[in-house]
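Trainee: Got a structure for you, questions after.
Every read-out reported here was derived from the displayed coordinates using simple, explicitly stated rules and does not represent laboratory data. Since we're looking at a predicted model, the values are computed, not measured. Note that we place each Cβ from the backbone using ideal geometry, even for glycine, and neighbour counts take in every protein chain shown.
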Amino acid sequence: MVSIHIIDDDAEIREVLRELFESDDYEVSTFNSAEDAHPYILRENPDLILLDIGLPGMDGLTYLEKLKNEFEDVEVIMITGQADLRSAIRAIKLGAMDYIRKPIDPDELKIQVNHAIDRRKKREQLNYLQVKSNLQFGDIVGTSQPMEKVYQFIYQVAESSKTTVLIRGETGTGKGLVARSIHNQSPRAKNPFIEVNCSAIQPSLLESELFGHEAGAFTDAKNRKKGLLELAHDGTFFLDEVGDMNLASQSKLLKVLEEKTFRRVGGTKEIKIDARIISASSRDLMQLVEEKTFRADLYSRLNVASVRLPALRDRNDDILILANYFLEVFNKEFNRNIRSISPEALKMLTRHPWVGNVREIRNVMERAVLFEQSDVLSSQNISLQPISPNENASLSIDVDLNQDFQLPEAGISLEELEQYLLKQALERSGGNKTKAAALLGLSRETMKYRLKKFKLS
């Protein structure tokens, strides 16, 4: 139950406010002075304090300063008379959330109180998430029941340094974060964490990337190269989108799991490896097994300990927590001071299907914070577009090709089109790469990669 402490020397005001908030099922305590109230505040840590400025003994401003020194996060609304307006402004500077003038408007006060309670809840949620972070969950965010099961799974499998782990879930659900969290809490935490996205590497190059190669193994192989598996020795090797691995590489990976050895491409020497294997897939591996594009024996070896990460639509309770978490993240990154999210914006966020899951809400909040000019995040800056689960969906933007671009009769490659859009975004943002990324719906990391790819940076 939400607790409110009222400190005012006017007995009539105390009684009126008590009845007002008890009717809404708040737990209310009243006091006629700061001196009387303080021992109870120390013991009970109320959710909100309504504090009169003109108190006998220790005045409201002095007590507010004392409270903020002892309880930095306490929410305080000051009660003031018309003549005390200057004092009320000083109270805001001292850390009061707001003030209300006498005679008190009950409806106005209720709005302020609701806002204060919401602020405290958000802060408690963020503090909880920070605790999670300190426990090495990193950027995994959520307090819902489905996420509690994920945290429990991480704890359990992290205890073992050898157990093979399979992480399943839609794109954008945080499979890579879970893999890293398992590593960070395992006995291998001080050793390398090496990851590779099997869908991002051409099949012909995958074996060389995973297992390395000897000099002369193929054209352009002028020197010996260690593979990523070898670099992961004594640590953790994370195979993202393992379902996209070709059958030849699957056979070699199976040998690694069974014999703890492998050969470099073009090599004859058996190399021993000691690394925990964590794999992840957004595809249905059992279906791939049935389609004979994924080895059944490899699936069995990868699926020793398995967890499915919930889609964001299956943990609605976490949407606002995530939104506020990313609000704080990008407030710091962009040096903003956006205090809250407007009710209209919150409604939009909670009603959106979030096909792109956590990655999508992160990108939406990044764009919103970047372009917001006030201290309240407005619905105008919440840009919600249908996004497919595909990673490349972040390139989906609202562009009038008939106006800005004419398809040449001879056609154009997708790479040329991509370069055109990147250049256009940079021009419209005045060369600001962060804003250009937001215009294209890209993360900063993806934008950096694509600019480097086309030598535009």
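Trainee: Count the net charge of all other residues whose Cβ sits under 11 Å from the Cβ of Leu17, scoring Lys and Arg as +1 and Asp and Glu as -1.
Mentor: -4
Trainee: Can I ask one more? Give, rounded to the nearest 20 debye, the magnitude of the charge dipole that the chain has about its Cα centre when Lys and Arg contribute +1 at Cβ and Asp and Glu contribute -1 at Cβ.
Mentor: 2780
Trainee: Then there's this: In percent, what relative contact order does the range 1-46 have, based on Cα pairs under 8 Å that are 6 or more apart in sequence?
Mentor: Over the range 1-46, the number comes to 48 percent.
Trainee: Could you give the distance between the Cα centres of the range 328-376 and the range 34-93, to the whole Å?
Mentor: First find each Cα centre; the distance between them is then 32 Å.
Trainee: Cα to Cα, under 18 Å, and not fewer than 8 places away if on the same chain: which lysines meet these conditions relative to Lys292?
Mentor: Partners found: Lys252.
Trainee: Follow-up question, since we're still on this one. Once you put a point 7 Å from the Cα of Glu258 and another 7 Å from the Cα of Ala11, both along the Cβ direction, what distance in nm separates them?
Mentor: With each label placed 7 Å out from Cα toward Cβ, I get 8.8 nm.
Trainee: Further question: Using a Förster distance of 25 Å, how high is the FRET efficiency between Lys347 and Asp314, based on the Cβ-Cβ distance and rounded to 0.05?
Mentor: It comes to 0.80.
Trainee: For the range 255-368, build the convex hull from the C-alpha positions and give me its volume per residue in Å³.
Mentor: About 187 Å³ per residue, rounded to a whole number.
Trainee: Go ahead and run the numbers for FRET between Ser340 and Ser160, Cβ-Cβ distance against an R0 of 56 Å, rounding to 0.05.
Mentor: My answer for the efficiency is 0.85.
Trainee: Determine the sum of side-chain charges near Glu291: Lys and Arg each +1, Asp and Glu each -1, restricted to other residues whose C-beta is under 12 angstrom from that of Glu291.
Mentor: For residues surrounding Glu291, the net value is +1.
Trainee: By how many nm would the segment from Thr143 to Ser383 grow when fully extended, if each residue of separation counts as 0.36 nm and the alpha-carbon distance is taken off?
Mentor: Computed gain between Thr143 and Ser383 is 83.9 nm.
Trainee: So which aspartates and glutamates pass the test for Lys448, namely a Cα distance under 20 Å, with those fewer than 8 places away in the same chain ruled out?
Mentor: Glu195, Glu333, Glu360, Glu366, Glu391, Glu415, Glu416, Glu418, Glu427
Trainee: Rounded to the nearest 5, what % of the DSSP beta bridges within the chain are antiparallel ones?
Mentor: Looking only at bridges with both residues in the chain, the antiparallel portion is about 10 percent.
Trainee: Based on the Cβ-Cβ distance from Lys272 to Ser33, what FRET efficiency comes out when R0 is 56 Å, to the nearest 0.05?
Mentor: Taking R0 as 56 Å, the efficiency between Lys272 and Ser33 is 0.15.
Trainee: Here are a few candidate values for Cα Rg over 2.2 N^0.38 Å: (i) 1.26; (ii) 1.02; (iii) 0.95. Which one was actually calculated from the structure I just gave you?
Mentor: Identified label for the calculated read-out: (i).
Trainee: Mind listing the long-range amide H neighbours of Ile341? Cut-off is under 5 Å, sequence gap 5 or more, other chains count too, H placed in the peptide plane at 1.01 Å from N.
Mentor: Leu377
Trainee: Still on this structure, I have one more. In this model, which of Lys102/Lys332; Lys225/Lys433; Lys175/Lys226 are farther than 28 Å apart at the alpha-carbon?
Mentor: Lys102/Lys332; Lys225/Lys433
Trainee: Say each of Glu427 and Glu291 gets a label point 7 Å from the Cα, pointing the same way as Cα to Cβ; how far apart are those two points in nm?
Mentor: That separation, rounded to one decimal, is 4.1 nm.
Trainee: Okay, next question. Over the chain, what is the mean sequence separation of C-alpha contacts under 8 Å (at least six apart), divided by residue count, expressed as relative contact order in percent?
Mentor: 11
Trainee: Okay, helix-only estimate at 222 nm for the chain: each DSSP H run of n ≥ 4 adds -39500 (n - 2.57), divide by all residues, round to 500 deg cm²/dmol; what do you get?
Mentor: -14000 deg cm²/dmol
Trainee: Let me ask something else about it. Could you tell me the relative contact order of the range 315-395? Use alpha-carbon pairs under 8 Å, at least six residues apart, and round to a whole percent.
Mentor: Relative contact order here is 35 percent.
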